[in-house]
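Everything on this sheet refers to the single structure shown next.
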Amino acid sequence: MSYEHQLHLTMRFPKDTDARAVHRAVQPLLQYFGHPWAIGETFGREPLLMDQCEVAWSQSPAGATLTLQTSGPVSHDFIDRVRDCLGAASHLTLDRGCAELWDLETGDLSHMLTRIPFGPTERERTLARVEAALDQVCQDLVESIPASSTSPAHAGAEIRELLFLVAPVLTDKLSRAAESEPDGPKPSL
């Protein structure tokens with residue numbers, strides 16, 4: 001069984017990161033889509049565009065960025081492959097964030113988007129999940145502000161600033177909850 005999906009990932013790496021190590025970490029995703037870079041030792045110089053997969057590796061004096069966009073039909077275990085790849089790549093980055101995996105066929109809107117966190121530590125991955133959830137809350141709040149009141153951009157900046165003040169507190173609370181129930185259900189946002 002399969003479903004139509006979209007995957008969006010942008011991951012930044014320090015300037016001294018070995019591109020071959022990042023390539024090895026995401027190789028299972030590249031192979032899934034039959035990407036030519038999957039069998040190479042590293043990424044090409046130009047972004048490679050395919051039917052269902054676009055990969056770009058860019059380097060600058062400040063660091064490197066991997067951008068990965070995929071779409072099309074995938075099996076239901078595709079999310080496990082993405083989690084495994086992000087887990088392997090997380091050891092190479094100092095950054096945190098979330099890949100967005102969209103299930104375009106689900107009728108359950110609450111399960112349409114799955115955020116898959118990455119980061120160098122469990123706390124950073126939890127913080128990335130919290131920040132992604134707070135970003136969504138911020139967007140929802142800004143959209144609910146009447147047009148006649150303060151400017152949406154100004155209101156959005158204020159709301160985001162306030163919400164992100166609580167992100168570390170929420171992260172610590174989620175981390176403690178996960179530690180107290182090692183075999184139980186994990187908290188989610």
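Quick note: the coordinates plus some simple rules give every number you see, no bench work behind them. Predicted model only: the values in this text are computed from it and were never measured.
Could you quote the convex hull projected area for segment 62-110, Cα atoms only and averaged over all directions, in nm²?
Value for segment 62-110: 4.5 nm².
Which percent of Cα-Cα pairs in segment 4-118 sits in each 10 Å bin, short to long?
In order of increasing distance, the bins hold 14, 49, 30, 7, 0 percent.
Subtracting the Cα-Cα distance from 0.36 nm times the residue separation, let me have the gained length for GLU143 to LEU165 in nm, one decimal.
5.9 nm
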